[in-house]
Amino acid sequence: MPDAAPPIRLLVGPEELLLRRAAETLLDELREGGPLDVTDLRAGELKDRELPDLRTASLFGEPRAVLIRDAQELPAPAAAALLAELDAAPPDATVILLASGTGKIQKLAAKVKERGGRTDVLPPKEWDAKGWARFVTEEFRRHRRTADAAAVGSILAHAGLDVAAIVEKVRQVAAAAPAGTVTATQVDALVVGHGSRGSFAVADAMCDRNPTQALELLSGVLESGDEPVMVLGALVYRLRSLVAVAGQLEPKSVGVNISPGQARRLQAVRRNFGPGELTAAYAQLARADFEIKSGELPARFILERAVVAVATRA
């Protein structure tokens with residue numbers, strides 16, 4: 001790697017939150033010498049204007065940085081201009097590119113990497129249980145809190161391998177838990193989510209089309225005191241996630257958070273449903289929601305009937 005800091009830095013990864021944090025770390029490093037003039041924009045904004053001038057000092061002579069988000073969508077002229085900057089004398093401004101991938105900017109990405117300016121910002125692998133536990137532990141430390149191993153496991157049980165969900169639930173627990181080491185009991189009491197771990201186990205069995213297991217798990221969840229409406233919320237959330245993946249929808253547009261790793265798992269689960277079955281399953285849960293709220297039938301019976309109907313293959 002060259003001794004001098006590369007004039008263009010490329011941060012690549014699937015999680016926008018982690019990319020933003022990595023960018024803030026870089027900006028803090030640049031601020032060590034004093035004030036920093038930062039221009040923050042998205043690649044799409046460059047379609048209507050030129051790349052910001054990288055060779056003009058700031059009005060007050062301060063160091064400059066240009067932060068470009070969604071850099072994987074850089075217009076070709078802008079990517080070419082940045083590529084040319086790498087072959088010229090170092091510009092006055094440091095450019096920080098945040099990208100979820102490099103498909104459309106392969107030449108620029110390769111050149112930046114060659115100059116030592118690329119950093120891959122990745123969450124732990126799906127199978128890396130210790131890595132995810134470290135991630136949760138570090139997240140608590142960001143809030144100057146500690147959590148025992150059971151509490152870390154409880155956060156993961158509620159949030160899954162979803163970076164944004166983990167960050168939000170740790171923030172919530174860290175702010176509300178009593179002083180001292182956070183426990184699993186406190187996590188379970190404080191986390192507001194779509195049902196409990198048991199409810200999601202029911203959802204998984206249901207989507208695996210295993211009615212016997214789903215019914216057994218549902219019985220245990222209800223007997224442990226979970227509210228039927230919260231259990232139904234977990235079932236609906238899981239099915240909505242499947243619908244988003246099947247329809248190639250933006251997850252947040254249907255009210256769910258899905259990481260790339262989760263999307264791959266959901267694609268596999270989605271194959272358990274034949275043509276029209278996802279729609280029928282969603283209708284079953286919508287009907288159950290209406291019936292539970294109407295109070296005309298026992299909520300347990302309504303849930304059992306809906307779970308068996310969705311879990312049973314046509």
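The values are calculated or read from the model by the stated rules, or taken from the named source; none is laboratory data. The structure presented is a predicted model; accordingly, all values stated were derived computationally and were not measured. Here Cβ is always computed from backbone atoms with ideal geometry, including for glycine, and neighbour counts include all displayed protein chains.
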Looking only at the range 43-63, decide whether some residue is touching a helix residue (DSSP H, G or I) at 6+ places or on another chain (Cβ under 9 Å), modelled with pLDDT of 90 or more and not in a helix (DSSP H, G or I).
no
Any chance Arg209 is touching a residue at least 60 places away in the same chain (Cβ under 8 Å), of a type in the set (D, E, K, R) and in contact with a helix residue (DSSP H, G or I) (Cβ under 6 Å, 6 or more places away or on another chain):
yes
Are any of the residues in the range 98-110 at negative phi, touching a strand residue (DSSP E or B) at 6+ places or on another chain (Cβ under 9 Å) and outside the structural domain of Leu54 (by TED's automatic domain parsing)?
no
Across the range 64-97, the tally of residues that are modelled with pLDDT under 85 and basic (Lys, Arg) stands at 0
Quick one: would you say Thr146 is at pLDDT 80 or above, surrounded by fewer than 16 Cβ atoms within 10 Å (Cβ to Cβ) and under 23 Å from the mean Cα position of the chain (by Cα)?
yes
Just to be sure, is Ala165 over 23 Å from Pro260 (Cα atoms), crowded, with 18+ Cβ neighbours inside 10 Å and not assigned by TED's automatic domain parsing to the domain that holds Gly274?
no
Just need a number here: residues in the range 82-125 that are of a type in the set (Asp, Glu) and in a strand (DSSP E or B).
1
Do we find that Val191 is in contact (Cβ under 8 Å) with a residue 24 or more places away in the chain and either of a type outside the set (Val, Ile, Thr) or touching a Lys or Arg at 6+ places or on another chain (Cβ under 8 Å) (or both) in this structure?
yes
